[in-house]
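Structure, as structure tokens:
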Amino acid sequence: MFNPQEIRKEFPILAQTVHGKPLIYLDNAATTQKPQCVIDSISNAYCTINANVHRGVHHLSQVATEEFEKARHTVQKFLGAAHSHEIIFTRGTTESINLVATSFGNTFLKEGDEVIISTMEHHSNIVPWQMLRDRIGIKLRIIPLTVDAKLDIAAYRNLFNEHTKLVSITHVSNVMGVTNPVKEYIDIAHSHNVPVMIDGAQSTPHIKIDVQTLDADFFVMSGHKVYAPTGIGVLYGKEKWLNAMQPYHGGGEMIQTVRFEKTTYNELPYKFEAGTPDYVGAIALGKALEWVNGIGIETIAAHEHMLTRYAVEKLHDIPQMRIFGQPDGAAISFLVGDIHPADLGTILDHLGIAIRTGHHCAQPLIDHFGIPGTVRASFAAYNTTEEVDTLIEGIKRAAKMFA
């Protein structure tokens, strides 16, 4: 039986106090805390198998390589990919999107071609495309929102034309916690022979992902949002696209032969993994995904959805409460009257409650609502209804201060 109190014991950081209050960590959409098994995997790798991977015949190098590639297979199974060589290790979602924007863009796009993104994208899925636009002259087409802050699928259908070359959209809004029906969006794009990249940074920790069922051409994720360390992430890409794309990082590991006249590139996945990889981070990511699998992603998701529903119900009881969107995942964004989000966040911090305030790296979405930012509470496996109750009381206390 799922017991968040028992799960909490596996996370050392949660035992501390902040400003003399027990830590209540509700900033999981920004980054999750790490269980002891993940922390131990990092220490163990450096203490027992530290050596550069793929390049040595000696024992440590071979063992490190085996553990690194084992982690790749773990990610493959976690995402439902057909082949392990479709899994590219990166530094995170941001680098994964930049890799596609640069490599796919340099290989397939030209001036006048169009890429579709949406109003609710994280800056990581906006800025790389703007940079490509400035380099080669592509155009960005933006999916608008409906009056209830959902993606406008009718408008999306009308964005396609003969110049459309790629769709890149978020699976779950990092601001509103709203899940987009990305399978439907992928099917529409494929009916126009247009590939799709899905930003899975906010969905991978909370939704069972199967990239083959989705039929996503690219899928990106960050390890640190799913109980793994920072600085490690994943790009999944269909083999046909990855084989056709030119790499955008050059150096060691990603080559077969180097001559001053010409270089030939390595096979997948190493073609896109120039230099010494963060194999320790990859091993820790594999351990984190094994930890999630041990509990069950569906079990974790059910708990988080319960907390979200519970929190939304309690928040609605607070006067002048505004909740943005219709959260169905593990994050809620809100404002209370005219209280600035930074002020509310500071008060909550002094009560030991860690939440996120600001534009959440989604300024176009915040501008759409005509607000300076929001307060965001986001949940993970170790959060409890008691913590939600404390959050609600903290907000009520702050509201009285500004009344």
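Can you tell me which residues in the stretch 124-162 are touching a Ser or Thr at 6+ places or on another chain (Cβ under 6 Å) and of a type in the set (Asp, Glu)?
Correct list: Asp152 only.
Looking at (1) closer than 30 Å to Gly286 by Cβ; (2) buried (at least 17 other Cβ atoms within 10 Å of the Cβ), which is the only condition Trp129 fails?
Among (1) closer than 30 Å to Gly286 by Cβ; (2) buried (at least 17 other Cβ atoms within 10 Å of the Cβ), the lone unmet condition for Trp129 is (1).
Filter the stretch 251-273 down to the residues that are farther than 17 Å from Glu95 by Cα, in contact (Cβ under 8 Å) with a residue 40 or more places away in the chain and in contact with a Pro (Cβ under 8 Å, 6 or more places away or on another chain) and list them by number.
Glu253 - this is the single residue of the stretch 251-273 that is farther than 17 Å from Glu95 by Cα, in contact (Cβ under 8 Å) with a residue 40 or more places away in the chain and in contact with a Pro (Cβ under 8 Å, 6 or more places away or on another chain).
Every residue in the stretch 235-253 that is within 20 Å of Asn52 (Cα to Cα) and among the aliphatic types (A, V, I, L, M), please.
none
Residues are listed down the side, and each one gets a yes or a no for (1) buried (at least 17 other Cβ atoms within 10 Å of the Cβ); (2) more than 18 Å from the chain's Cα centre (by Cα); (3) on the phi > 0 side of the Ramachandran plot; (4) not small (Gly, Ala, Ser):
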residue	(1), (2), (3), (4)
Tyr279	yes, yes, no, yes
Ile283	yes, yes, no, yes
Leu289	yes, no, no, yes
Ile297	yes, no, no, yes
Ala302	no, yes, no, no
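So, in the stretch 74-92, of the ones that are in contact with a Ser or Thr (Cβ under 6 Å, 6 or more places away or on another chain) and touching a residue at least 24 places away in the same chain (Cβ under 8 Å), which residue ends up surrounded by the most Cβ atoms within 10 Å (Cβ to Cβ)?
Looking at the filtered set, the residue picked out is Thr90.
Where in the stretch 1-109 are there helices (runs of 4 or more DSSP H), lying fully within it, with 1 or more residues that are touching a Lys or Arg at 6+ places or on another chain (Cβ under 9 Å)?
36-48, 59-79, 93-108
Only residues that are assigned to a strand (DSSP E or B) and among the small types (Gly, Ala, Ser): list them for the stretch 146-172, please.
Passing the criteria: only Ser168.
How about the stretch 331-394: which strands (runs of 3 or more DSSP E) wholly inside it have at least 2 residues that are within 19 Å of Asn28 (Cβ to Cβ) and of a type in the set (Gly, Ala, Ser)?
Of the strands (runs of 3 or more DSSP E) lying wholly inside the stretch 331-394, those with at least 2 residues that are within 19 Å of Asn28 (Cβ to Cβ) and of a type in the set (Gly, Ala, Ser) span 331-336, 374-378.
Quick one: which of Thr276, Thr299 is touching a residue at least 60 places away in the same chain (Cβ under 8 Å) and closer than 18 Å to Ile207 by Cβ?
Of Thr276, Thr299, the one residue that is touching a residue at least 60 places away in the same chain (Cβ under 8 Å) and closer than 18 Å to Ile207 by Cβ is Thr299.
Every number in this text was worked out from the coordinates using simple rules, so none of it is lab data. Predicted model only: the values in this text are computed from it and were never measured. All Cβ positions, glycine included, derive from the backbone under ideal geometry; neighbour counts span all protein chains shown.
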